[in-house]
Amino acid sequence: MTVLTRTWGLLMALAAVSLLAGRPGDAGTLGPLGSGLVLMAANFKADRILTHFLGLRSAGSGWRMLFRVMLTLLGMAIFAIHALTPIIAAASR
C-alpha cells in the first residue's frame, strides 16, 4: 500500500471523526468538546494534505514548521472565537 493510499484512508477516518463529533447536542450546539475535536481533526487533515499531496515533505524543515505553527494558531483562534461567543453575546446585552 502506498503512502498516498494510507494517507487517503487516514483522511477518510478523520472525516468520520469530524462527522461524529460535529453532531449537535440537545441545545443545537456542538459545545467546546465537539468543536475542539472537529478543529483538531481539520488541523491534522490539513497537515497531511500539505505534507503528502502538496509536496511540503520535500520542503525545508523551516517551511514545514511555519505551516504547522500557522495551522495550529488558526485552529486555536477559531476555537477561542467559538468558545467566547456566548460570553461576548451575554456581555453586550
Completion exercise
Once normalised by the length of the chain, the mean sequence separation of its alpha carbon contacts under 8 Å that are 6 or more apart gives a contact order in percent of 25 percent
Fill in the blank from the handout: For the chain, longest principal axis from Cα atoms; helix 31-48 axis from its Cα atoms; angle between them, nearest 10 degrees, is 20 degrees
Problem - Cα-centre dipole for the chain with unit charges at Cβ (Lys and Arg positive, Asp and Glu negative), debye to 20 - result: 220 debye
Problem - Rg to Rh quotient for the chain, alpha carbon positions, Kirkwood Rh - result: 1.09
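We did not get these values from a lab; they are worked out from the coordinates using the rules stated. All values derive from a computational prediction rather than experimental measurement. Using ideal geometry, Cβ is built from the backbone for each residue, glycine included, and neighbour counts are taken over all protein chains shown.
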